[in-house]
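Comments concern the structure below.
The values are calculated or read from the model by the stated rules, or taken from the named source; none is laboratory data. In this text the structure is predicted, and so the values were computed from the model without any measurement. All Cβ positions, even for glycine, are placed from backbone atoms using ideal geometry, and neighbour counts span all protein chains on display. For accessibility, only protein heavy atoms count, side chains too; no ligands or nucleic acids. Shrake-Rupley method; radii C 1.70, N 1.55, O 1.52, S 1.80 Å.
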Amino acid sequence: EARGKTIEVTTGVDSNDLRMLEPRVIAAIDKVLPAIVAVGNRFGRAPEQVIWEGRRFASGVIIREDGLILSQYHVSHTGVYNDSTGLREYGKPGDKVDVILHDGRHMEAELLGGERLADVALLRLTEPGTYPFATFSEDSSSTIGDWVVKLGHPVGYQATRGSVARIGRVVYTNPVNIVADCPTVGGDSGGPLVNLDGQIVGLSQDSSMPPSVAAAASERGFPMSYMTMRKIRQKMGSMLAGAVPHETTFENHFERERMYEDIGELLPAIHRRKGAAVLATWQAVATQAKGSVIEILDADRNRAVFGTVVDDDGWIVTKASAIREYPFCRLPDGKIVAARTVGVDSALDMALLKVNATGLKSVQWSRSKTVRRGTLVMTMGLDSSPISTGIISATVHSDPVCIEDHHIVTGSYPEVFDHDMTLETNEFGGPVLDLNGHAIGITIADPGMHGCLSLPSEHILNCIQRLK
């Protein structure tokens with residue numbers, strides 16, 4: 001197997017580069033977001049069942065103002081198993097499926113053509129109208145190292161959350177595939193990959209790729225390969241004409257295998273989404289917040305979760321369910337001290353602790369009342385080094401889906417926002433910092449392998465006042 005060569009990529013070395021990147025990310029998301037839809041199916045099921053089972057919805061994108069939607073065959077055309085035959089049913093041109101627009105409208109779409117093995121499909125909204133749409137990029141517009149954004153409905157459609165954005169970099173590309181390190185999970189199928197001009201550069205395809213490429217693209221979510229615009233354009237005519245080959249041909253698989261025979265260039269690890277060079281651009285921001293993060297310890301004196309300093313006198317907030325009844329803390333200077341639990345807000349899963357310590361620094365809270373998709377964010381550790389960086393991927397919403405003990409749970413928190421930093425549970429409880437070094441929230445829960453949920457600063461500050 002070819003292991004791939006690495007290439008030189010320039011990544012910014014200070015926060016000024018990030019300040020130029022952020023508005024482009026926000027603008028690209030704002031441009032494409034209205035065109036993102038959730039696509040379901042209704043084969044053998046009543047429409048009202050499908051509408052309320054959000055996890056049965058995956059993703060798609062409107063690509064023309066008359067409501068033409070690009071998605072994947074297994075999303076739009078695949079139905080349920082027929083119990084009498086033991087075979088899966090597939091949709092035919094003219095069959096109807098349920099689609100939810102970005103503004104929440106539930107609409108009907110008609111299946112057009114598609115290819116089962118290439119896993120690409122078209123459908124069209126049946127209600128005449130003028131719809132927001134996203135445009136295609138040039139065929140060869142993506143290069144290794146480009147910043148890109150993945151949009152879709154990870155873990156299925158959630159009405160108050162909407163579509164979720166995740167940032168990443170192109171780690172590999174060839175004429176038929178793009179591989180990017182944006183975290184992706186089930187529900188993202190059919191959603192687009194877009195560049196910083198807000199143009200579609202690829203459509204989710206699958207996770208089939210050589211191990212060396214997969215390793216370069218892996219985060220906590222699945223590494224994903226995207227079909228390029230060149231390949232999609234080649235298939236548009238037949239799909240518009242309603243062609244659905246019984247098995248299609250294997251040309252796509254053979255072509256991809258040939259392209260992968262000589263992998264060529266891969267993005268160096270230090271320049272990937274969580275690479276050392278990217279983290280280093282945030283060091284000045286982290287230094288501003290030095291002393292505002294501590295560790296809450298488990299019985300073996302290992303970190304159970306982070307805590308966020310909210311007052312120089314030793315007041316700390318953290319994730320309540322992750323700490324012991326009588327907690328101990330490790331301070332930024334390495335000293336371990338006992339902490340007293342002053343109060344717990346079970347609805348927010350937040351605990352307020354008090355330690356007798358000096359040298360702590362209260363986190364500075366953001367003054368903004370809004371949390372905007374695409375805002376660049378960071379979280380840091382005890383030594384004031386960045387742990388992970390990413391973006392706000394969904395604005396403040398209610399009724400979030402959480403993953404607890406490998407089960408999906410809803411309604412655990414009154415309001416949260418999503419970010420795409422894929423943290424471990426023992427990295428929860430720390431602040432989510434913006435480019436000004438201000439905390440806009442605290443990471444509190446796991447919504448799936450595409451990111452984390454955070455409590456907004458407004459809820460945290462109100463909770464602190466109540467508990468004190």
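The trypsin sites (Lys or Arg not before Pro) of the stretch 332-430 that meet both conditions, a loop assignment by DSSP and at most 12 other Cβ atoms within 10 Å of the site Cβ, are 335, 367, 369. Solvent-accessible area of the chain (1.4 angstrom probe, protein heavy atoms only): carbon and sulfur portion equals 49 percent. Using the rule -39500 (n - 2.57) for each DSSP H run of four or more residues, divided by the residues of the chain, the 222 nm mean residue ellipticity is -5000 deg cm²/dmol.
Accessible surface for the chain, divided over its residues, is 40 Å² per residue with a 1.4 Å probe.
What ranking of 108, 261, 424, 219 comes out by heavy-atom accessible area, probe 1.4 Å, highest first?
Details: 108 70, 261 135, 424 105, 219 45 Å².
If we order 108, 261, 424, 219 from most to least accessible, we get 261, 424, 108, 219.
Our compactness index for the chain, the C-alpha radius of gyration over the empirical 2.2 N^0.38 Å, is 1.02.
Set against the 2.2 N^0.38 Å expectation for a compact globular protein, the stretch 326-419 has a Cα radius of gyration ratio of 1.32. Estimated at the nearest 10 Å², the accessible area of residue 161 is 10 Å² with a 1.4 Å probe. Axis angle, to the nearest 10 degrees, between helix 457-467 and the longest C-alpha principal axis of the chain: 40 degrees. Applying 1/(1 + (r/R0)^6) with R0 = 60 Å to the Cβ-Cβ distance of residue 105 and residue 16 gives a FRET efficiency near 0.90. A 1.4 Å probe, protein heavy atoms only, puts the accessible area of residue 459 near 50 Å². Within the full protein context, the accessible area of residue 103 is estimated at about 100 Å² for a probe radius of 1.4 Å. To the nearest ten degrees, helix 251-261 and the longest principal axis of the Cα atoms of the chain are 50 degrees apart.
Annotation for the stretch 157-230 versus the stretch 111-140: alpha-carbon center distance of 17 Å. The listed peptides 184-190, 322-328, ordered by packing as a protection proxy, come out as 184-190, 322-328 (highest mean of other Cβ atoms within 10 Å first).
In the chain, the longest principal axis of the Cα atoms and the axis of helix 229-240 are about 50 degrees apart.
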